[in-house]
1. Show the residue pairs that are 6+ apart or on different chains and have beta-carbon atoms under 9 Å apart, the first residue being within the stretch 281-295 and in contact (Cβ under 8 Å) with a residue 60 or more places away in the chain, the second being among the basic types (Lys, Arg).
2. Taking the stretch 55-75 only, how many residues are farther than 22 Å from Asp13 by Cα and in a helix (DSSP H, G or I)?
3. Any idea which of Val7, Val33 is of a type outside the set (Gly, Ala, Ser), over 30 Å from Ala107 (Cα atoms) and out of contact with any Gly (no Cβ under 8 Å at 6 or more places or on another chain)?
4. State all residues of the stretch 135-155 that are hydrophobic (A, V, I, L, M, F, W, C) and surrounded by fewer than 18 Cβ atoms within 10 Å (Cβ to Cβ); if no residue qualifies, say none.
5. Only one residue in Arg76, Arg21, Arg94, Arg64 is touching an Asp or Glu at 6+ places or on another chain (Cβ under 9 Å) and of a type outside the set (Val, Ile, Thr), so which one is that?
6. Against the conditions (1) modelled with pLDDT of 90 or more; (2) over 30 Å from Cys62 (Cβ atoms), where does Gln383 fall short? Just the number, please.
7. Do you know which residues across the stretch 14-51 are modelled with pLDDT under 95, within 29 Å of Gln352 (Cα to Cα), of a type outside the set (A, V, I, L, M, F, W, C) and not in a helix (DSSP H, G or I)?
Amino acid sequence: MHEGKLVFSQVTDHLPLHTFRRCVQRYQGEHYVKTFRCLDQYLVMAFAQLTYREGLRGIEACLRAQKNKLYHMGIRTKVSRSTLADANEQRDWRIYADFAQALIKIARPLYAKEDLGLDLDNTVYALDASTIDLCLSVFPWALFRSTKSAVKLHTLLDLRGNIPTFIHISDGKLHDVNVLDILITEPGAFYIMDRGYVDFERLFTLNQAGSFFVIRAKRNTQYKRRYSHAIDTSNGLRCDQSIVLTGLNTKDDYPQLLRRVKYYDEKTGKTFNFLTNNFVIPAQTIADLYRYRWQVELFFKWIKQHLRIKSFFGTSENAVKSQIWIAISVYVLVAIIKKRLDIETDLYTILQILSLTLFELTPLDQLFMKPDYQEENCVMDNQLNLFNYLTG
């Protein structure tokens, strides 16, 4: 007799299904659908993410081996690779994009009080992009160069909790800086960016919106110093200046003062020049903020290693985007569960444990509980004494 809930069902209990149904209705995702619902598709794809399946055949084989448990997983029909492939090709990817955004709205308040280690109350975002290489003959719609295809993930990461708040999936040819045109900025927030986003006309628009930016300057940036401010050089600072741009076009693109902070990193031996429109926070905080930008690099590395977004279950643009958005939603869902259940284990370990226990009936709070090693040692001592008694 089936007692208790499967671990997979306990995980999906944290999904706002009423929101999911609204997303499906918004894009008529189940128009003419009789059996394999959008929720079935989502749950199967989430299962594939959590168990590291590499293809449709592997998904089908695993779920058919556990067919008696599909109902308890929330999957109401038999799973076949052809049906799943058709769903990935035809169901609008925006269903899963909107649902992932809904999960992000749930996750962000849970991590709002995370300590960044900086004396700063403002929201801090890191903006960057990462390219996923594809085969040109299989994905011709994503032409990147003459010999290969690619898609690019443009991501805005909330550094409190490392929650992606904005994701735009484009072909590999879209330049990173163009994303600033579609980004809805938040007044008072800090946006940390690398040199690839240096476009002073767009940065001035960001400034006019009441947002702050910290960006690494290009070597050929032309400027003139107006003021120099006192600094403490013991921690790597070299200068803190107020400047105006003097380049032929840049002086018109950004007509106001900018702040230039020069910093020397002893660990790498590199010198960095940062530009910002914030003249209030200490110069050391400017340098520290840029150091936190590397969290978005680690985020890309993490999701590429631990989620299935490098090998795809379909070849169309719709299938690729659906899989990426479902992968992001699974990442955010695990982050929500970690916070709601107050799990101390890191996300990597949580995913590793879930990958092997989805069909078990263990409660989630017990699944991630640290083992009692002292109790195990006591059992070992008793076994040794019994062994000695029998052989004595």
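1. So the pair list comes out as Ile286/Arg259; Tyr290/Arg216; Arg293/Arg216.
2. Looking only at that region, the number is 7.
3. Going through Val7, Val33 in turn, the sole match is Val33.
4. Matches in the stretch 135-155: Cys135, Leu136, Val138, Trp141, Leu143.
5. Every option except Arg76 fails the conditions.
6. For Gln383, the failing item is (1).
7. Across the stretch 14-51, the qualifying residues are Arg37, Thr51.
One line per residue, one yes/no per condition, for (1) more than 30 Å from Leu206 (Cα to Cα); (2) under 25 Å from the mean Cα position of the chain (by Cα):
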{"position": "Thr268", "(1), (2)": "yes, no"}
{"position": "Phe272", "(1), (2)": "no, no"}
{"position": "Asn277", "(1), (2)": "no, no"}
{"position": "Val296", "(1), (2)": "no, yes"}
{"position": "Phe300", "(1), (2)": "no, yes"}
{"position": "Lys310", "(1), (2)": "yes, yes"}
{"position": "Ile324", "(1), (2)": "no, yes"}
{"position": "Arg340", "(1), (2)": "yes, yes"}
{"position": "Ile343", "(1), (2)": "yes, yes"}
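The values are calculated or read from the model by the stated rules, or taken from the named source; none is laboratory data. Keep in mind that what you see is a predicted model, and the values were worked out from it rather than measured. For neighbour counting, all protein chains shown are included, and Cβ atoms are generated from backbone atoms with ideal geometry for every residue, glycine included.
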